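J.: Okay, handing you the structure first.
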Amino acid sequence: MAVIRSAVWVLVFSCLTPAFFTEKLNDPKCRQYSSDLGGSTLPGDTMMGLIFPLHLDKSYQQVSFTEKPPMTCCTMFQLENYQMLQTTVFALEEINNDPYILPNMTLGLQVYDSCDAPHLNLQGTLQVLTGLDSAIPNYRCLLGSPLTVVLGSAHSTHSIAMAHILGLSRHPQISQFSTSPLLSDRTKFPSFFRIVPSDTFQSHGLARLVLYFGWSWVGLLAADNEYGQYGIQLVKQELMKAGACVEYIENIMMSRPDRNAPHIMNVIRRSTSTVVVVFCNDVDLMPVLNEWLKQNVSRKIFIASDAWSTTNIFSTNAFSDLLYGTIGFAFSSGKLPGLKEFLNKVQPSESFGGEWTKTLWENIFNCTYVAFSQPQSDHTLKPCTGTENLHNIQNSYNDVSSLRPSFNAYTAVHVVANALEDLIRCHHGSGRFSMSSCADKQDLMPWQLLYYLKRVKFRLNNGRELYFDENGDPPAVYDIVNWQLTAEGTLRQVKIGSYDTMSSSREMFTINKSSILSAIEDHQVLKCSESCARGFRKAASRGRPICCYECVPCAPGEISNETDSVTCFMCPWDEWPNPEKSECLPKTIEFLSYEDPLGATLTAISLWSFLVPIAIMKLFMEHRNTPLVKANNYYISCLLLISLSLCFLCPLMFIGYPKPETCLLRQVAFGMTFALCISCVLVKTIAVVFAFMATKPHLWKWSNPMVSYVVILCCSFLQLTLCLFWLSLTPPFPQKNIFSKPGIIIVECNEGSPITFWTMLGYLFLLATISFIVAFLARRLPDRFNEAQYITFSMLAFLSVWISYIPASLSAQGRYTVAMEIFAILASSWALIICMFFPKCFLILFRPKMNSRKYLVRSSILKK
């Protein structure tokens, strides 16, 4: 709207005829003072215009479309703004009284009170351009004093309207407060400069400040004007980019008398976030805070934009409990030696801007300059004498402990002085204008000063260097202030750090956390979701903001070693998470060891079992001449017992840490010993059959003992050939298995090709099956040849063990796989011992009478 109004002004003035302007120039009122717009002039060789709100226009606090426009009502006097005016005068006098700054030239000042109203800002702009208190477009009536620069306005919206007019003729404009990023557009505002940074930097900084304290669940509140909307959207974008979340965004409606405060309070009451970023000015925030107190909503942590972070209108006790702890960005502060004494010397009758000084007097000393005879006068107030002493009063007017707006005003004046210094020092022939000319000091054109303003660079009193970039913006440096309670219960703003975007270090924030009010650090800042502990990761919740998440345990083998981790990390292959999944620990090494109870038990059984065949063989050797031992083929029985003793020793090669040599030999040893063992059983079975058939002469040659040894040798050789083929192609080797059992490294022997292993086992199964079939068919032979029955039972037990081993081994893991094979070896070996030799040992030891030829022959005859 401000831009539209400024365009209308330009259109109206462009349509006026030259005769109109001539008539105005001849009008004697052109030289007269007019009080339509409050103004005051300080003469000088070159003039500066200053337009800013000493009062607030109450008529613009409400907008009605059913009544005629109200008259401007400038009633609310601003002590801080009057301090800024006097600081500007202080800077002018400091420059004019210094013989080394602008010699032979004085700076003048023409001031207008805009009452914070857009139309009065434009009116003041036109009057500054005219040079008088009446606006005459395209004419300057104040002869001999060229207009150097216009200072103002206080608000970005007003500055935009002014910049459209001033930019037409390239009149320099320097604002001490306007922060809108729109003003950085050099194509639209070619002559605009400002002392304060753009809101782009502030918005990014406020978002980073929120993240600096670890607050990721916030609410946003902003005025529905250019300042608030543009700034809060940048804050939102920066917060969301960093992973934080915005619970709500509410607007302070400028068009409504209550500023939409009841609705805003309802939203805040239902919210769970405890941090609120507020992007507006102090006057617009006042209705919201009043409604806050009225509804008694719980307090929040406020993050304040620069427009209200250092205001004093909330310093009363009523807002203390609500606003203490507020953190915000503020313009850089500075010290001005001698300013306090200058402010205290102000007198209504002598000082610049006498009418305004009288208003200051009435506000400070609670008196009146209105005659008591006038009916509108307040008879309860004492009359002002003008002799009251400001030294005895301490208020916002003469408080110079932390100068911000006034320091900006002081800086703006020195910017103009520095630019004029460079302009004056120009020597003819080395200038920057056409034909290397310099500007005429007596007839200075406004566009000529622009060249030097763009190149201003000097150091301020607070140590900060000031210059302008290509958009007319200064370096972005902010003070960070914290609202703390005084002993009287009022609020004061304490500087706790700074935010410098030009810092060479990576850390732009410099914050003294020890000086922050403890209520901020101790305040419980709620999140949309609770923090995820170590061992968990954050997972997005469907349909909710990004910072509303669920805590999901890390997958097996993964850890998260910090809270609120987004991802889990996989442990190295030889490590595994602890139960809390917060750190990786070395995996447990598993193998069947001799120290393990299971390994020790199997070792003991294996060694004890090894002695049993040896003892039986000794017993057979002692009774080798007995009929029973002779009938059972003494030599083959001894070979069988030797092979069984070796079978009982095979498990020892499966126990212990797997080594390359043990992996190569253990299955081969198992296969060869059992092949020898089953071959002996097969030979004994065949011997039983041929012994029964010995009555046939053509079969006598098969009863020769050498045939038995050849069969044993051939069967064992076939197994040996298969094992050598296995070892030559895919030999077994030790490996670390990390997949079978989570968190455990199984050190085991990889058997190479599983086909060869099962082929070897299948060959043993084939031999046992043949022995079982032959023995089964011969089970009904006469009693003296009843060994076939024992062979049948032994082979049946042998086959049952190894058939059961197949599914058991496939389902077992780790050391239990090895233990299962050892158990099968021991069980099958014991099956042969028990079924084939225990009955014979029983007869030899406990039935010696039955171990005689007479008994065996008689038994045979009886059977017939």
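J.: Quick one: go through the range 527-566 and flag any residue whose amide nitrogen is under 15 Å from the point 7 Å out along the Cα-to-Cβ line of Ile738.
T.: Only 556-559 pass the distance filter.
J.: Would you please give the FRET efficiency between Met240 and Leu381, computed as 1/(1 + (r/R0)^6) with r the Cβ-Cβ distance and R0 = 56 Å, to the nearest 0.05?
T.: In this case the efficiency is close to 0.55.
J.: Between Val552 and Val297, what is the spin-label point distance in nm, taking each point 7 Å from the Cα along the Cα→C-beta axis?
T.: 3.6 nm
J.: Quick check: pseudo-label points 7 Å beyond the Cα along Cα→Cβ at Leu718 and Lys441, how many nm apart are they?
T.: Simple spin-label model gives 12.5 nm for this pair.
J.: Restricting to Cα atoms and excluding each atom paired with itself, what does the Kirkwood estimate give for the chain in Å?
T.: After inverting the pairwise mean of 1/r, the radius is 36.6 Å.
J.: Which aspartates and glutamates have a Cα lying under 18 Å from the Cα of Lys736, excluding residues fewer than 8 positions away in the same chain?
T.: Asp574, Glu575, Glu590, Glu661, Glu748, Glu751
J.: Dividing the Cα convex hull volume of the range 116-230 by residue count, how many Å³ per residue is that?
T.: Details: hull volume 12.0 nm³, N = 115.
It comes to 104 Å³ per residue, whole-number rounded.
J.: Using 0.36 nm per residue, how much length does the chain from Met502 to Glu341 gain when fully extended, once their Cα-Cα distance is taken away?
T.: Values: separation 161, 0.36 × 161 = 57.96 nm, distance 3.48 nm.
Residue separation times 0.36 nm, minus the Cα-Cα distance, leaves 54.5 nm.
J.: By how many nm would the segment from Thr601 to Ser169 lengthen if fully extended, with 0.36 nm per residue of separation less the alpha-carbon distance?
T.: 145.0 nm
J.: Next up: Between Tyr139 and Glu93, what FRET efficiency comes out of the Förster formula 1/(1 + (r/R0)^6) with R0 = 35 Å and r the beta carbon distance, rounded to 0.05?
T.: 0.70
J.: What is the calculated FRET efficiency for Ser811 to Ala540, with r their C-beta to C-beta distance and R₀ = 41 Å, to the nearest 0.05? Display every interim value, and only then the final one.
T.: On the way: r = 40 Å, r/R0 = 0.97.
FRET efficiency, Ser811 to Ala540: 0.55.
J.: Send over a whole-number figure in Å² for the accessible area per residue of the chain, probe 1.4 Å.
T.: 47 Å²
J.: My understanding is that a pair violates if its Cα-Cα distance is over 23 Å; which of Lys618/Lys684; Lys630/Lys849; Lys188/Lys236 do that in this structure?
T.: Long pairs (Cα-Cα over 23 Å): Lys188/Lys236.
J.: Which of the peptides 213-224, 181-192, 535-546 is most tightly packed, and how do the rest follow, judged by the mean count of other Cβ atoms within 10 Å per residue? Provide the component values of the computation, followed by the final result.
T.: Details: 213-224: 21.5, 181-192: 17.8, 535-546: 14.9.
The densest-packed peptide leads the list: 213-224, 181-192, 535-546.
J.: Here is a follow-up. Can you give me the span-like helices of the chain, meaning DSSP H runs with 30 Å or more of Cα extent along the axis and Kyte-Doolittle mean at or above 0.5?
T.: Going by DSSP H runs, the hits are 597-622, 660-692, 705-729, 754-777, 787-811, 815-836.
J.: Would you mind checking the radius of gyration and Dmax of the range 526-621 based on alpha-carbon positions, in Å?
T.: 26.5, 90
J.: Carbon and sulfur: what percent of the range 366-459's accessible surface (1.4 Å probe)?
T.: Ligands and nucleic acids excluded, carbon and sulfur give 51 percent.
J.: Then there's this: Setting aside same-chain residues fewer than 8 positions from Lys358, which aspartates and glutamates have a Cα under 12 Å from its Cα?
T.: Partners within reach: Glu350, Glu388.
J.: In Å, what Kirkwood hydrodynamic radius results for the range 104-167 from the alpha-carbon pair distances?
T.: About 12.3 Å, per the Kirkwood formula over Cα pairs.
J.: Continuing with the same structure: Which order do the peptides 586-593, 438-445, 672-679 take when ranked by the mean count of other beta-carbon atoms within 10 Å per residue, highest first?
T.: Ranked from most to least packed, the peptides come out as 672-679, 586-593, 438-445.
J.: Remind me, relative contact order of the range 440-517 in percent, using alpha carbon pairs under 8 angstrom and six or more residues apart?
T.: Answer for the range 440-517 is 19 percent.
J.: Turning to a different aspect of this structure: Based on alpha-carbon positions alone, could you give the equivalent ellipsoid semi-axes of the range 300-423 from the gyration tensor, as √(5λ), descending, whole Å?
T.: Values: eigenvalues 190, 131, 32 Å².
After scaling each eigenvalue by five and taking roots: 31, 26, 13 Å.
J.: Oh, and also: Using amide H atoms built in the peptide plane, which far-off residues or other-chain residues are under 5 Å from Glu590 H to H?
T.: The answer is Ile745, Ile746, Val747.
J.: Normalised by the number of residues in the chain, what is the relative contact order in percent for Cα pairs under 8 Å and 6+ residues apart? Walk me through the intermediate numbers first.
T.: Numbers: 1474 pairs, mean separation 74.1, N = 864.
Reported relative contact order: 9 percent.
J.: Give me D for the range 395-471 in µm² s⁻¹, whole number, from Stokes-Einstein with Rh from the Kirkwood sum over alpha-carbon pairs, 10 °C and 1.306 mPa s. Present the calculation step by step, with values, prior to reporting the outcome.
T.: Working: Rh = 14.4 Å.
Translational diffusion coefficient: 111 µm²/s.
J.: While we're looking at this one, here's another question. Starting with the highest mean, order 792-800, 836-844 by the number of other Cβ atoms within 10 Å, averaged over the residues of each peptide.
T.: With the highest mean Cβ count within 10 Å placed first, the list reads 792-800, 836-844.
J.: With respect to the cross-link table entries Lys335/Lys454; Lys538/Lys587; Lys587/Lys741; Lys300/Lys513; Lys294/Lys527; Lys457/Lys495, which display a Cα-Cα separation exceeding 21 Å? Display every interim value, and only then the final one.
T.: Details: Lys335/Lys454 26 Å; Lys538/Lys587 27 Å; Lys587/Lys741 10 Å; Lys300/Lys513 19 Å; Lys294/Lys527 27 Å; Lys457/Lys495 26 Å.
As for pairs spanning more than 21 Å Cα to Cα, those are Lys335/Lys454; Lys538/Lys587; Lys294/Lys527; Lys457/Lys495.
The values are calculated or read from the model by the stated rules, or taken from the named source; none is laboratory data. Everything quoted here is computed from the prediction, not taken from an experiment. FYI the Cβ positions are ideal-geometry reconstructions off the backbone, even for glycines, and counts take in every protein chain you see. Accessible surface is based on the protein model in full, side chains and every heavy atom, while ligands, DNA and RNA are left aside. Shrake-Rupley method; radii C 1.70, N 1.55, O 1.52, S 1.80 Å.
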